[in-house]
Amino acid sequence: MAYTGEVTRGGPAAVRDLGSLTITKVSVGEMDNNAYLLRSGDEQLLIDAAADSRTLLDLIGEAGLETVVTTHRHGDHWQALAEVVEATGAASLAHADDAAEIPVVTGTVREGALIAVGEHALEVIHLVGHTPGSIALLFHDPNGVGHLFTGDSLFPGGVGNTRGNKQNFESLLNDVELKLFNRLPDETWFYPGHGNDSTLGQERPHLAEWRDRGW
């Protein structure tokens, strides 16, 4: 079945095979959080142990888990983190500016850091505004388009919630525009913390609308 990125809580995972990297997406928890399991060779990495440790551990399976990366400090993105780390022994990484608010962190990352998964690496992109330490993770597919995991910083239809704080909104939109849209091509596929995926090309025409809208 072709990958669409459409998942529902309690429903089947969506699997995208990129050849040397496989992306498995599931929706978990009351807020329909997306969690992403990446596999390259014999190694696996989880992005956001959001909730429902049983579902996530079943997804991880006997292959084990090397690393969990938490995209930001909001609790709906790490409710299952402690249980997943305890069960797998995985390293737990988050940006240094959010780490103190996340219950289990064994290492911190900053802008430009590379996080290994098998023969590949994910580049850390710091996007300030939704939280001080929000990050996106970029996989440069050597045989195709870029794949970008944006947490709650970028969604189809706009940037993440900044709760009416004008300074945070401008910071987030500026970072998203400079570090994502100005740098990466339209074909770049992005995977948000909730809901459906999109591409930068699909969203690019609306950047000015988002800025005028102010949220």
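All of the numbers you see were taken from the coordinates with simple rules; none came from a lab. From a predicted model like this one, the values you see are computed outputs, not experimental measurements. Heads up, the Cβs are rebuilt from the backbone with ideal geometry, glycines too, and the neighbour counts pull from every protein chain shown.
Amide H contacts under 5 Å for Gly107: Ser92, Ala94, restricted to partners 5 or more places along the chain or on a different chain, H placed in the peptide plane at 1.01 Å from N. Residues Glu187, Glu43 in ascending order of nearby Cβ atoms (within 10 Å, fewest first): Glu187, Glu43. With a cut-off of 11 Å between beta carbons, the residues surrounding Ala63 carry a summed charge of -3, where Lys and Arg count +1 and Asp and Glu -1.
Electrostatic bookkeeping for Phe181 treats Lys and Arg as +1 and Asp and Glu as -1; over the other residues with beta carbon under 11 Å from its beta carbon, the sum is -1.
Taking every DSSP bridge with both residues inside the chain, close to 70 percent are antiparallel.
Less than 5 angstrom separates the built amide H of His74 from none of the residues sequence-distant by 5 or more or on a different chain.
With the highest mean first, a sort of the peptides 127-139, 4-16 on other beta-carbon atoms found within 10 angstrom per residue produces 127-139, 4-16. For Glu30, neighbours were defined as the other residues whose beta-carbon sits under 13 Å from its Cβ, and their charges (Lys and Arg +1, Asp and Glu -1) total -2. Across the alpha-carbon atoms of region 1-152, the computed radius of gyration and Dmax are 14.1, 41 angstrom.
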